[in-house]
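A.B. asks: Below are the structure tokens for one structure; questions will follow.
The values are calculated or read from the model by the stated rules, or taken from the named source; none is laboratory data. All of these numbers come straight from a predicted model, not from anything done at the bench. For neighbour counting, all protein chains shown are included, and Cβ atoms are generated from backbone atoms with ideal geometry for every residue, glycine included.
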Amino acid sequence: MTRPWGLFLLLLTIAVALVTSIDPAKNRVNILRPFKSVKFSDANMRQCLWFAMQEYNKESEDEYIFLVSQIQLAQMQITDHMEYIIEVEIARSNCRKPLNNNENCIIQTNSNLEKRVNCSFLVIALPWNGEFSVLKKECRKIQV
């Protein structure tokens with residue numbers, strides 16, 4: 001039979017080990033440059049937007065491909081990688097999934113297929129390694 005104080009010491013030891021094994025410094029992001037606006041023509045931002053749209057279209061249940069109709073905001077932060085916040089308006093195109101690279105897609109307008117969506121993407125990137133990841137995506141339909 002285990003003595004009550006022995007069980008207490010065991011639980012206390014486990015609790016102390018768990019607390020001391022958590023290093024808050026490891027979970028802290030070292031920001032080298034906080035979020036600042038970047039030009040819409042910035043090559044790395046364009047790569048991140050392209051990647052975000054590929055992911056959006058892959059996850060979308062719509063049978064049509066969506067294209068960027070307008071870039072509204074682009075900001076970048078530098079930590080141990082590059083982080084981009086990109087806000088865009090996207091619209092349904094005339095191209096069905098899967099996309100054939102020979103197709104010339106245009107945005108649907110003035111039809112019952114017209115659909116527009118505002119999206120905000122948070123993309124992290126190491127563009128020189130070809131590494132991209134969408135950390136956050138928030139989209140809402142626009143009434144047309």
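A.B. asks: Does ARG33 satisfy being of a type in the set (D, E, K, R), at pLDDT 60 or above and within 17 Å of the chain's Cα centre (by Cα)?
C.D. replies: no
A.B. asks: Now, a different point. Only residues in the stretch 97-125 that are basic (Lys, Arg) count as the first member; pair them with residues that are in a loop (DSSP other than H, G, I, E, B), Cβ under 7 angstrom, at least 6 apart or cross-chain, and list the lot.
C.D. replies: Short answer, once both residue conditions are applied: LYS97/GLU63; ARG116/VAL144.
A.B. asks: Mind listing whichever residues of the stretch 51-67 are buried (at least 19 other Cβ atoms within 10 Å of the Cβ) and part of a strand (DSSP E or B)?
C.D. replies: TYR64, ILE65, PHE66
A.B. asks: Output the residues belonging to the stretch 68-84 that are in contact (Cβ under 8 Å) with a residue 40 or more places away in the chain, out of contact with any Pro (no Cβ under 9 Å at 6 or more places or on another chain) and crowded, with 17+ Cβ neighbours inside 10 Å.
C.D. replies: Result: MET76, GLU83, TYR84.
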